[in-house]
Each structure stands twice: as C-alpha cells, then as structure tokens.
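See structure below.
The values are calculated or read from the model by the stated rules, or taken from the named source; none is laboratory data. Here the structure is a predicted model, which is why all the values come from computation and not from measurement. No Cβ is skipped: glycine too gets one built from the backbone with ideal geometry, and neighbour counts run over all protein chains shown. The protein model used for the area step is the full one, side chains on, heavy atoms only, and it has no ligands, DNA or RNA in it. Shrake-Rupley method; radii C 1.70, N 1.55, O 1.52, S 1.80 Å.
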Amino acid sequence: MQRHGIGRLISAAGGTADGITATIGDLGAEAVAAMAIGELLHRADLPPGPEATVHLCLRHGTTTIRYGVETGPAGVTSRPHRHGDEPSVAPDVTVTQDLTEVIRSLFGPRGTQSSASRVIRWGHLEDPTAFDRPLPTYDVVRRLVDALDRPYAIGLAELCVRYGSDKWGHHTYPRRYEQHFDHLRDQPLTILEIGVGGFGDQGRGGASLEVWRRYFPRALVYGLDIVDKSHLSTGRVTVLQGDQSSPADLARVLEVTGRPDIVIDDGSHVSPHLLASFAYLFPHLRDGGLYVMEDLQTSYWPFFGGRASTYTDPATSLGFLKTLIDGLHHEDIVGRAPASTDPDIGGLHFYHNLAFIEKERNLDGGAPSWIPRGVKQAARVSG
Ligand SMILES: C[S@@+](CC[C@H](N)C(=O)[O-])C[C@H]1O[C@@H](n2cnc3c(N)ncnc32)[C@H](O)[C@@H]1O
C-alpha cells in the first residue's frame, strides 16, 4: 500500500468507526487487510517454535478476507486464501474480527483498542486428550491478540534489545527517550532518523527504525543513510539514501517526508555534519517537535571533527549546543548577535552523550527594560 494510503488509515483510526470503514472502502479492503496482517505479524514477534496453523478472518461488510498463518521451527509464513483456494489442512484455531476494529486497534490512539467483534474458535475443543495441557497455538494467538489489544504495552529498552539497536546496551538512551517521547506515543507522527545502521554492509541496519515503528504505532518512520539501504523499507518504514551534510540531499528527503515532528541524528557523528543537518532540518521541524542528537561524546574527538582541548568551539557539536543555551535568553542579552533559531527553541535537555532540543516559540519579551543591565546602572542602583 502507498505511504499516503497508510497515512490516511492512521488518521482515520483516530476518528469514528464509520470514517475508518469508509477509508477502508476507498483504499480497497484487500489491500488494507494485507497491510494490517503485515503490521500485526511485525508486532506479534512470533518466534520459531512448534508447528501451528492460525486462520485470520477479517470482515468488511459482507466480505471476509482470510489469511493463513503458519508457524514452525523455520519461522512464520502467511498468505491470503483466495476464493476457491480453500486450505487442505484444518486450522488449529480461527480468529475472526471486523477489519474496522482491527485497524482502530492497530493504529488508534491509546485506549481506543477493542476486541468486541472478535471470535476465537479453537480446533481442538472436541479432542479430550488436548484438555488441560497448553498447546503451542495458545502462545501464537496470545501474541497476535496482544499485538492488537496492547500496542502500547512494550517499553523502549525491550524493543532495542529485540531489534538489536545499540541505543540500549552500548548506551542507555531508552529511559531518556521515554521521558521525552512517552506522551507522544499515540500521535500520528512523522519521524526521521539520520543513520540507519550497518554502515557499508548493505545487509545490515534498520534496527532503530523497527524500534520506532513499534514504539510509535501511528507514526510514519523515515531513515536516512549515506549507504543505499532502501531495501529495508517495509510497512510504515521508508529508507532514503543521502548525505546528512548535504543541504541538497536533505531537501530531497523533506520532499518525501514532509515536515517531521521528530528528527534523531544518529548518523556520522562528525560535528560539522551534525551542524549542517541541524541548520537545514530544524527550521522545517513542526512546532512542538523535538530534535535529538546522539553520541555527543564525539564532540571531544578530533577524528569526528571535535576538539580535545577546548569545549566551547561552536564548530563542534557540544560547543554549538552550548551557544543555544545563550540563545534561550536571547531577549535578555545585550549586544549578542541573535541566531536565527533563537526564537524557535523553547528548551534544551542534556544527558550523557545525548541532547533534546524542543521547537517552541521563545518570544516572551524578556525582563522589563527598567531593570538595570549595565555595570554603571548597577552601581547607580546599589549606590
Ligand atoms: C550508528 S549507525 C546508526 C544506528 C541506528 N540508528 C540504530 O540505532 O540502530 C550510523 C549510520 O550512519 C550512516 N552514516 C554515516 N555517515 C553518514 C552521512 N554523512 N549521512 C548519512 N548517514 C551517514 C552510516 O552508514 C551508519 O549506517
């Protein structure tokens, strides 16, 4: 399904059931069902294990779209059952639910998930030997319905471990991210992360994009890497190629993404690159958005364009960020040449190796003009 189609579904999922049903009708129930099954399987994290066959039946009006999901030691496969393509093997379990409700559960805001239309039919109920012992299917179905009913139940550190992002382990960023991101989790966001991962190895990378896709169930997630990793695009994740230090490349990126709500810079970690990306992207960030820079220890490392012996050089990432602290007080400082971003930065948060910049109007007017600022005035007041 086209990205704008997914975007339409996500925004419909924040509205009425009738609106969701109408959007499904516009986009085509089969295409929506295929996308929903892909999203559901991504979130269910079904591990390789004993064999189990689950049929998922998604109802839309008088139509029922059926999918077979097979789990086994080799992993998971799924495929639609077309008309006349009835499966030869009876399923272990059939789960039926209205497609509208499934879409709302997958993409709706926190608290709107519902299972009112769901029916689960276990295939073994008439088999007395199956009574009183856990079957492999129980865990498979538990994971599938949890993915629908509790999309916000999983934490960021667990997701980093699951998908292999070094944001947890090598670093301990998740608790800081959760501090700043938790209240945004159910918003229909556009997120751009610079640095997809895997460096020159085209087969590797994408871990943190999967993390964001899962952590923000309603977000469209974009990754930018200097190496072509576009084959990692899937579902709500789109991977673009470009150099974060090139304004022309960043302009192309924004043509695809539109204005982001969140930018995370986990790219080259070279100070001039961080500054170039910030200079180009921050003005395009939506109001209320967040700009994050990771691995700022490189600001002290000459190999990354940092400085080992001075900590305030504005050509380094942390030296530059320190100037933004002055910028917070731009209306109160006499004689400082204002930076163009000063009126748009409402808050700065620094942690070990990590900084968050809040985009917010900062034009309160400063302190009253009669409060003395200069030395002579101060002397007059005290004398
Ligand atoms: C630390 S990895 C990203 C890890 C990923 N964000 C994660 O948490 O799983 C850094 C990535 O930045 C990419 N990169 C390096 N220089 C870049 C540049 N100038 N522009 C864009 N990406 C760059 C590298 O190819 C590498 O894949």
Does Arg286 satisfy being in contact with a Pro (Cβ under 9 Å, 6 or more places away or on another chain), among the charged types (D, E, K, R) and in contact (Cβ under 8 Å) with a residue 24 or more places away in the chain?
-> yes
Breaking point among (1) open to solvent by 10 Å² or more (accessible area, probe 1.4 Å); (2) near the ligand (Cβ under 9 Å from one of its atoms); (3) not acidic (Asp, Glu), for Leu224 = (1)
How many residues, within the stretch 179-212, are over 15 Å from Val263 (Cα atoms) and assigned to a helix (DSSP H, G or I)?
-> 5
Positions within the stretch 276-307 being within 16 Å of the ligand (Cβ to nearest atom), in contact with a Gly (Cβ under 9 Å, 6 or more places away or on another chain) and open to solvent by 30 Å² or more (accessible area, probe 1.4 Å), in sequence order | Gln297
Working only within the stretch 131-168, note down all residues that are more than 19 Å from Asp182 (Cβ to Cβ), surrounded by 15 or more Cβ atoms within 10 Å (Cβ to Cβ) and away from the ligand (no atom under 16 Å from the Cβ).
-> Leu135, Thr137, Asp139, Val140, Val141, Arg143, Leu144, Val145, Asp146, Ala147, Leu148
Open to solvent by less than 70 Å² (accessible area, probe 1.4 Å), of a type in the set (Val, Ile, Thr), outside any loop (DSSP other than H, G, I, E, B) and without any contact (Cβ under 8 Å) to a residue 60 or more places away in the chain, is that true of Thr310?
-> no
Any idea which residue in the stretch 180-204 is most open to solvent (accessible area, probe 1.4 Å), counting only those that are without any contact (Cβ under 8 Å) to a residue 12 or more places away in the chain and more than 11 Å from the ligand (Cβ to nearest atom)?
-> His183
Residues in the stretch 59-108 that are without any contact (Cβ under 8 Å) to a residue 60 or more places away in the chain and either basic (Lys, Arg) or open to solvent by less than 10 Å² (accessible area, probe 1.4 Å) (or both) total 9
Top-ranked residue of the stretch 227-262 - restricted to ones that are in contact (Cβ under 8 Å) with a residue 40 or more places away in the chain and within 12 Å of the ligand (Cβ to nearest atom), ranked as nearest to Leu285 (Cα to Cα) | Val253
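Here's the yes/no breakdown for (1) in contact with a His (Cβ under 6 Å, 6 or more places away or on another chain); (2) farther than 15 Å from Tyr291 by Cα:
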{"site": "Thr238", "(1), (2)": "no, yes"}
{"site": "Gln244", "(1), (2)": "yes, no"}
{"site": "Pro247", "(1), (2)": "no, yes"}
{"site": "Ala251", "(1), (2)": "no, yes"}
{"site": "Pro260", "(1), (2)": "no, no"}
{"site": "Val263", "(1), (2)": "no, no"}
{"site": "Pro272", "(1), (2)": "no, yes"}
{"site": "Ala276", "(1), (2)": "no, no"}
{"site": "Ala279", "(1), (2)": "no, no"}
Restricting attention to the stretch 205-221, which residues are over 20 Å from Ser277 (Cβ atoms), within 8 Å of the ligand (Cβ to nearest atom) and surrounded by fewer than 24 Cβ atoms within 10 Å (Cβ to Cβ)?
-> Ala207
